[in-house]
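Let me begin by presenting the structure, written as structure tokens, before commenting on it.
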Amino acid sequence: MNTAAVAPDRRRKPISPSHSAEIALLARFVEREEAATPKLVGPDGESVALPEEIYRVLTMVVEEMRAGNAVSVVPVSQRIGTQEAAELLGISRPTLVRLLEGGEIPYDKPSRHRRLQLSDVLEYRDRSHSRAKETLNAMTAEASNLGLYDDDAVSYEEALRAAKNASKESGR
């Protein structure tokens with residue numbers, strides 16, 4: 001399945017605060033009740049139902065723009081260079097090269113420069129985040145079992161989740 005990736009684009013200028021009112025209004029339209037079918041309405045009043053995947057992409061775009069980020073929507077089949085991949089992963093280029101040489105992410109080297117499939121980079125990012133989450137959950141459970149926290153592991157995880165969400169909200 002060929003889908004698109006939505007990500008903040010740090011190479012582009014952030015969205016101007018002068019458009020924040022329009023983006024906030026747009027955000028209200030992409031937030032919907034579960035039973036409602038999202039649709040796109042043209043200037044002539046004609047409307048078409050949006051497939052769930054397109055709706056999710058639009059929602060991600062609006063959320064990033066509401067946070068003041070410029071956004072790029074690109075096909076996951078796109079090939080990117082090592083610098084772009086490193087920026088997407090939030091790591092240095094030398095660290096990415098070590099991952100590539102260690103076989104963590106597939107790449108091609110048709111000439112002097114390495115090229116990566118965006119889908120492979122996103123897959124690595126997801127695997128990495130999953131491993132980190134599993135490790136944190138295991139550490140939290142172990143600390144709770146050892147009596148290092150007054151609350152049980154579930155309460156502590158909920159507190160961490162609440163703190164993370166509060167941090168995200170204050171950053172917007």
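The values are calculated or read from the model by the stated rules, or taken from the named source; none is laboratory data. All values reported here derive from a predicted model rather than from experimental measurement. In this analysis, Cβ positions are derived from the backbone assuming ideal geometry, glycine residues included, and neighbour counts consider all displayed protein chains.
Side notes on the structure shown:
- Of the criteria (1) loosely packed, with under 11 Cβ neighbours inside 10 Å; (2) aliphatic (A, V, I, L, M); (3) over 28 Å from Ile91 (Cα atoms); (4) at pLDDT 75 or above, which one Ala163 fails: (3)
- Within the set Gly90, Gly147, Gly68, the sole residue that is within 16 Å of the chain's Cα centre (by Cα) and modelled with pLDDT under 85 turns out to be Gly68.
- Of the helices (runs of 4 or more DSSP H) contained entirely in the range 44-116, those carrying at least 1 residues that are surrounded by 14 or more Cβ atoms within 10 Å (Cβ to Cβ) and in contact (Cβ under 8 Å) with a residue 60 or more places away in the chain fall at 52-66, 82-89.
- Residue in the range 47-63 that is aromatic (Phe, Trp, Tyr) and over 30 Å from Ser167 (Cβ atoms) present: no
- The range 117-136, residues that are surrounded by 12 or more Cβ atoms within 10 Å (Cβ to Cβ) and not hydrophobic (A, V, I, L, M, F, W, C): Gln117, Ser119, Asp120, Glu123, Tyr124, Arg125, Arg127, Ser128
- For the range 34-61, a residue qualifies if it is acidic (Asp, Glu) and within 22 Å of Val74 (Cα to Cα), and the qualifying residues are Glu52, Glu53.
- Figure legend. Inter-residue proximity from the range 125-143: first residues more than 18 Å from Leu96 (Cα to Cα) and modelled with pLDDT of 90 or more, second residues among the small types (Gly, Ala, Ser) and part of a helix (DSSP H, G or I), beta-carbon distance below 7 Å, spacing 6+ or different chains. No pairs are indicated.
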